[in-house]
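Undergrad: Okay, handing you the structure first.
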Amino acid sequence: MIPFPMVTTKQMAKVDQLAVENGLLIMQMMEYAGLNTARFVQKFEKKKILILAGKGNNGGDGIAAARHLHNWGYEVKVILAEDPEELSETSKHHYNLIKKLKTPIKTWKNQEEWIKESELIIDGLLAYNI
(Lines give C-alpha, C1' and ligand atoms only; values in the text may rest on other atoms or scores of the structure.)
Protein backbone atom coordinates (compact mmCIF):
# COMPACT_ATOMS: atom_id res chain seq x y z
CA MET A 1 0.00 0.00 0.00
CA ILE A 2 1.32 3.44 -0.91
CA PRO A 3 1.37 5.70 2.16
CA PHE A 4 -0.39 9.04 2.04
CA PRO A 5 2.04 11.90 1.54
CA MET A 6 2.26 14.21 4.52
CA VAL A 7 2.42 17.92 3.91
CA THR A 8 2.36 20.94 6.16
CA THR A 9 -0.42 23.51 6.15
CA LYS A 10 1.85 25.93 4.31
CA GLN A 11 2.74 23.31 1.69
CA MET A 12 -0.92 22.42 1.12
CA ALA A 13 -1.84 26.08 0.68
CA LYS A 14 0.92 26.35 -1.93
CA VAL A 15 -0.35 23.25 -3.75
CA ASP A 16 -3.84 24.78 -3.93
CA GLN A 17 -2.44 28.12 -5.08
CA LEU A 18 -0.36 26.50 -7.84
CA ALA A 19 -3.31 24.41 -8.99
CA VAL A 20 -5.50 27.50 -9.38
CA GLU A 21 -2.71 29.53 -11.00
CA ASN A 22 -2.25 26.76 -13.55
CA GLY A 23 -5.89 26.56 -14.55
CA LEU A 24 -7.56 24.06 -12.24
CA LEU A 25 -10.94 25.42 -11.17
CA ILE A 26 -12.02 25.37 -7.51
CA MET A 27 -15.13 23.46 -8.66
CA GLN A 28 -12.90 20.73 -10.12
CA MET A 29 -10.71 20.60 -7.02
CA MET A 30 -13.83 20.24 -4.86
CA GLU A 31 -15.14 17.40 -7.02
CA TYR A 32 -11.80 15.54 -6.84
CA ALA A 33 -11.59 16.06 -3.08
CA GLY A 34 -15.10 14.68 -2.64
CA LEU A 35 -14.49 11.73 -4.93
CA ASN A 36 -11.24 10.78 -3.22
CA THR A 37 -12.77 11.15 0.24
CA ALA A 38 -15.58 8.83 -0.85
CA ARG A 39 -13.05 6.34 -2.24
CA PHE A 40 -11.18 6.41 1.08
CA VAL A 41 -14.42 5.68 2.99
CA GLN A 42 -14.85 2.52 0.90
CA LYS A 43 -11.88 1.05 2.78
CA PHE A 44 -14.01 0.82 5.93
CA GLU A 45 -16.88 -1.60 6.47
CA LYS A 46 -19.27 1.17 7.48
CA LYS A 47 -22.48 2.00 5.66
CA LYS A 48 -24.08 4.73 7.82
CA ILE A 49 -22.09 7.85 7.00
CA LEU A 50 -22.58 11.33 8.43
CA ILE A 51 -20.99 14.35 6.77
CA LEU A 52 -20.51 17.51 8.82
CA ALA A 53 -20.29 20.37 6.34
CA GLY A 54 -19.22 23.94 6.95
CA LYS A 55 -20.11 26.88 4.74
CA GLY A 56 -16.78 27.09 2.92
CA ASN A 57 -15.06 24.97 0.32
CA ASN A 58 -14.21 22.24 2.82
CA GLY A 59 -17.94 21.83 3.37
CA GLY A 60 -18.41 21.55 -0.38
CA ASP A 61 -15.76 18.80 -0.44
CA GLY A 62 -17.79 16.92 2.16
CA ILE A 63 -21.07 17.43 0.30
CA ALA A 64 -19.45 16.18 -2.92
CA ALA A 65 -18.23 13.09 -1.02
CA ALA A 66 -21.76 12.55 0.29
CA ARG A 67 -23.12 12.58 -3.26
CA HIS A 68 -20.66 9.93 -4.41
CA LEU A 69 -21.31 7.76 -1.36
CA HIS A 70 -25.06 8.08 -1.86
CA ASN A 71 -24.69 7.01 -5.48
CA TRP A 72 -22.65 3.98 -4.35
CA GLY A 73 -25.39 2.80 -1.99
CA TYR A 74 -24.24 4.18 1.35
CA GLU A 75 -26.75 5.54 3.86
CA VAL A 76 -25.58 9.15 3.93
CA LYS A 77 -26.80 12.12 5.93
CA VAL A 78 -25.44 15.66 5.91
CA ILE A 79 -25.46 18.16 8.76
CA LEU A 80 -24.79 21.73 7.68
CA ALA A 81 -23.10 23.99 10.20
CA GLU A 82 -24.80 26.99 8.62
CA ASP A 83 -28.01 27.78 6.78
CA PRO A 84 -27.72 26.69 3.12
CA GLU A 85 -27.84 30.33 1.97
CA GLU A 86 -24.53 30.88 3.78
CA LEU A 87 -22.65 28.29 1.69
CA SER A 88 -19.90 29.44 -0.66
CA GLU A 89 -20.94 29.53 -4.32
CA THR A 90 -19.08 26.33 -5.18
CA SER A 91 -20.45 24.57 -2.08
CA LYS A 92 -23.98 25.66 -3.09
CA HIS A 93 -23.44 23.92 -6.42
CA HIS A 94 -22.75 20.60 -4.68
CA TYR A 95 -25.56 21.24 -2.18
CA ASN A 96 -28.04 21.70 -5.04
CA LEU A 97 -26.85 18.45 -6.65
CA ILE A 98 -27.26 16.40 -3.49
CA LYS A 99 -30.69 17.87 -2.78
CA LYS A 100 -31.84 16.37 -6.08
CA LEU A 101 -30.84 12.93 -4.74
CA LYS A 102 -33.06 13.50 -1.71
CA THR A 103 -30.17 12.82 0.65
CA PRO A 104 -31.23 13.79 4.19
CA ILE A 105 -29.82 17.23 5.04
CA LYS A 106 -30.35 19.23 8.22
CA THR A 107 -28.72 22.15 9.94
CA TRP A 108 -26.66 21.70 13.08
CA LYS A 109 -29.27 22.29 15.80
CA ASN A 110 -30.36 19.23 17.80
CA GLN A 111 -28.82 16.52 15.63
CA GLU A 112 -27.57 14.24 18.40
CA GLU A 113 -29.69 11.37 17.01
CA TRP A 114 -27.94 11.42 13.62
CA ILE A 115 -24.55 11.60 15.30
CA LYS A 116 -25.27 8.64 17.60
CA GLU A 117 -26.56 6.36 14.82
CA SER A 118 -23.67 7.05 12.43
CA GLU A 119 -20.92 4.50 11.94
CA LEU A 120 -18.49 6.97 10.40
CA ILE A 121 -18.39 10.78 10.58
CA ILE A 122 -16.56 12.84 7.97
CA ASP A 123 -15.27 16.29 8.89
CA GLY A 124 -16.13 18.84 6.23
CA LEU A 125 -15.88 21.68 8.74
CA LEU A 126 -12.23 22.36 9.34
CA ALA A 127 -9.88 23.41 6.58
CA TYR A 128 -6.14 22.85 6.56
CA ASN A 129 -5.39 26.53 7.20
CA ILE A 130 -6.96 26.90 10.61
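Undergrad: Accessible area per residue for the chain in Å², computed with a 1.4 Å probe and the full protein assembly in place, what is it?
TA: On a per-residue basis, 65 Å².
Undergrad: Loop-only trypsin sites (Lys or Arg not before Pro) in segment 65-130, please: DSSP not H, G, I, E or B, and at most 10 other Cβ atoms within 10 Å.
TA: Here the trypsin sites (Lys or Arg not before Pro) that fit, given the DSSP loop and packing criteria, are 102, 109.
Undergrad: While we're looking at this one, here's another question. Which loop-located chymotrypsin sites (Phe, Trp or Tyr not before Pro) does segment 31-130 contain, where loop means any DSSP state but H, G, I, E or B and the Cβ has at most 15 other Cβ atoms within 10 Å?
TA: In loop regions of segment 31-130 (DSSP not H, G, I, E or B), the sparsely surrounded chymotrypsin sites (Phe, Trp or Tyr not before Pro) are 44, 72, 108, 128.
Undergrad: In whole percent, and with a 1.4 Å probe on the protein chains, what portion of the accessible area of segment 8-57 is carbon and sulfur? Each step should come with its number before you reach the end.
TA: Numbers: 1910 of 3270 Å².
Looking at segment 8-57 in its full context, I get 59 percent from C and S.
Undergrad: Of the heavy-atom accessible surface of segment 74-130 (probe 1.4 angstrom), what whole percent is carbon and sulfur?
TA: 50
Undergrad: Please list the non-local residues whose amide H lies under 5 Å from the amide H of residue 107, H modeled 1.01 Å from N, same-chain partners needing a gap of 5 or more.
TA: 80
Undergrad: Using the Kirkwood radius over Cα pairs, work out the Stokes-Einstein diffusion coefficient for the chain at 37 °C and 0.692 mPa s, in µm²/s as a whole number. The partial results should precede the final answer.
TA: Numbers: Rh = 15.1 Å.
So the translational diffusion coefficient is about 218 µm²/s.
Undergrad: Report the trypsin sites (Lys or Arg not before Pro) located in segment 18-55 that are in a DSSP loop and have at most 16 other Cβ atoms inside 10 Å of their Cβ, or state none.
TA: Qualifying residues, ordered by number: 43, 46, 47.
Undergrad: Given 46/106; 10/102; 47/92, which pairs have Cα atoms separated by over 31 Å? Don't skip to the end; give the middle numbers.
TA: Details: 46/106 21 Å; 10/102 38 Å; 47/92 25 Å.
In this structure, 10/102 exceed 31 Å between Cα atoms.
The values are calculated or read from the model by the stated rules, or taken from the named source; none is laboratory data. A quick note: this is a predicted structure, and the numbers were derived from the prediction, not measured. Positions of Cβ are backbone-derived with ideal geometry, glycine not excepted, and every protein chain shown enters the neighbour counts. Keep in mind that these areas ignore ligands, DNA and RNA; they rest on the heavy atoms of the full protein, side chains included. Shrake-Rupley method; radii C 1.70, N 1.55, O 1.52, S 1.80 Å.
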